[in-house]
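K.L.:
Starting off with a structure, shown below.
The values are calculated or read from the model by the stated rules, or taken from the named source; none is laboratory data. Computed from a predicted model, the values in this text were never measured in an experiment. Positions of Cβ are backbone-derived with ideal geometry, glycine not excepted, and every protein chain shown enters the neighbour counts. Surface accessibility is based on the protein's heavy atoms, side chains included, excluding ligands, DNA and RNA. Shrake-Rupley method; radii C 1.70, N 1.55, O 1.52, S 1.80 Å.
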Amino acid sequence: MRLVLALGNPGAKYRDTRHNIGWWLADRLVRRWCGGPFRAEGPTARAEGSRRPGVEIHKPLTYMNRSGEALTALLAARRFDPAVDMLVLVDDVALPPGRLRLRRRGSPGGHNGLASISAKLDSDAYSRLRLGVGRPPDDRIDLAAWVLSRMPRADEEAALGAFPHAVEAVEYWLENGMEAAMNRFNNR
């Protein structure tokens, strides 16, 4: 089994925020793979696509800073190795909108969702697809407020414009593994 874990926050209040870009990409993957709607299953919402059997896409229904709790439940219910079989879709302020970066491992870099996952796994050895949402234009802007706000139209268009590339990266990871996907997609 392979698992795509899209980080975000539940609820209409957060649906269109930078922090939920992982959920946006998860929705795109489900549509591309001819999947049904996401359905609540314990602490996540789950969907699968008929074009990608054996791949589950999950959105934790916990808040971002408790994403690891949802992963713990998935690990108890399913057989997969997070270091090999899981890809986390996550927003990243260090990348401008429209940029993406694949990583096999790494520190959470101040991201509370990744910190929660790393803490529950007691490891940073899991793959992630970092989706750029950009930094605040002013250091006085609170970073939490920034990621919990909507992107300006131009930034959102840039982020969504990169989704075909991001979908291709996820599919390449599924077929060829993280090392090959990093070599192919991180140089663009």
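K.L.:
Being in contact (Cβ under 8 Å) with a residue 40 or more places away in the chain and farther than 30 Å from R153 by Cβ is the filter; apply it to the range 85-108 and report the residue that is least open to solvent (accessible area, probe 1.4 Å). Show your work before the answer.
P.N.:
If we filter the range 85-108 for residues that are in contact (Cβ under 8 Å) with a residue 40 or more places away in the chain, which is where we start, we get 85-94, 96-104.
Checking the rest, the ones that are also farther than 30 Å from R153 by Cβ come to 85-86, 104.
Values: D85: 34, M86: 0, R104: 95 Å².
Looking at the filtered set, the residue picked out is M86.
K.L.:
With the range 52-163 as the region, which helices (runs of 4 or more DSSP H) entirely inside it contain at least 2 residues that are among the aliphatic types (A, V, I, L, M) and under 28 Å from R184 (Cβ atoms)? Spell out the reasoning first.
P.N.:
Numbers: elements: 67-77, 82-85, 112-121, 143-147, 153-161.
Ranges flagged: 67-77, 82-85, 112-121, 153-161.
K.L.:
Give the range 34-47 a look and list any residue that's open to solvent by less than 80 Å² (accessible area, probe 1.4 Å) and closer than 22 Å to S67 by Cβ, or say none. Write out each step before concluding.
P.N.:
Kept after step one, since they are open to solvent by less than 80 Å² (accessible area, probe 1.4 Å), are these residues of the range 34-47: 34-36, 38, 41-47.
Within the range 34-47, G35, F38, E41, G42, P43, T44, A45, R46, A47 meet the criteria.
K.L.:
Can I ask one more? Going through R31, R15 one at a time, which residue ends up being assigned to a helix (DSSP H, G or I) and either within 18 Å of L131 (Cβ to Cβ) or open to solvent by less than 50 Å² (accessible area, probe 1.4 Å) (or both)? So that I can check it myself, show each step before the final result.
P.N.:
Numbers: R15 fails: assigned to a helix (DSSP H, G or I).
The conditions single out R31.
K.L.:
What's the total number of residues in the range 126-149 that are within 20 Å of P60 (Cβ to Cβ) and at pLDDT below 95?
P.N.:
1
K.L.:
R15 - would you say it is of a type in the set (D, E, K, R) and touching a residue at least 60 places away in the same chain (Cβ under 8 Å)? Walk me through how you get there before you give the answer.
P.N.:
Values: of a type in the set (D, E, K, R): yes; touching a residue at least 60 places away in the same chain (Cβ under 8 Å): no.
Against the criterion (of a type in the set (D, E, K, R) and touching a residue at least 60 places away in the same chain (Cβ under 8 Å)), R15 does not qualify.
K.L.:
Here's another thing I want to ask about it. Please state which of the following conditions N9 fails to meet, knowing it meets all the rest: (1) open to solvent by less than 40 Å² (accessible area, probe 1.4 Å); (2) in a loop (DSSP other than H, G, I, E, B); (3) more than 26 Å from E156 (Cα to Cα).
P.N.:
Unmet for N9, out of (1) open to solvent by less than 40 Å² (accessible area, probe 1.4 Å); (2) in a loop (DSSP other than H, G, I, E, B); (3) more than 26 Å from E156 (Cα to Cα): (3).
K.L.:
Residues in the range 70-84: is at least one of a type in the set (D, E, K, R) and either farther than 17 Å from M1 by Cβ or buried (at least 19 other Cβ atoms within 10 Å of the Cβ) (or both)?
P.N.:
From the range 70-84, those of a type in the set (D, E, K, R) are 78-79, 81; that's our starting set.
Narrowing further to those that are either farther than 17 Å from M1 by Cβ or buried (at least 19 other Cβ atoms within 10 Å of the Cβ) (or both): none.
No; the residues of the range 70-84 include none that is of a type in the set (D, E, K, R) and either farther than 17 Å from M1 by Cβ or buried (at least 19 other Cβ atoms within 10 Å of the Cβ) (or both).
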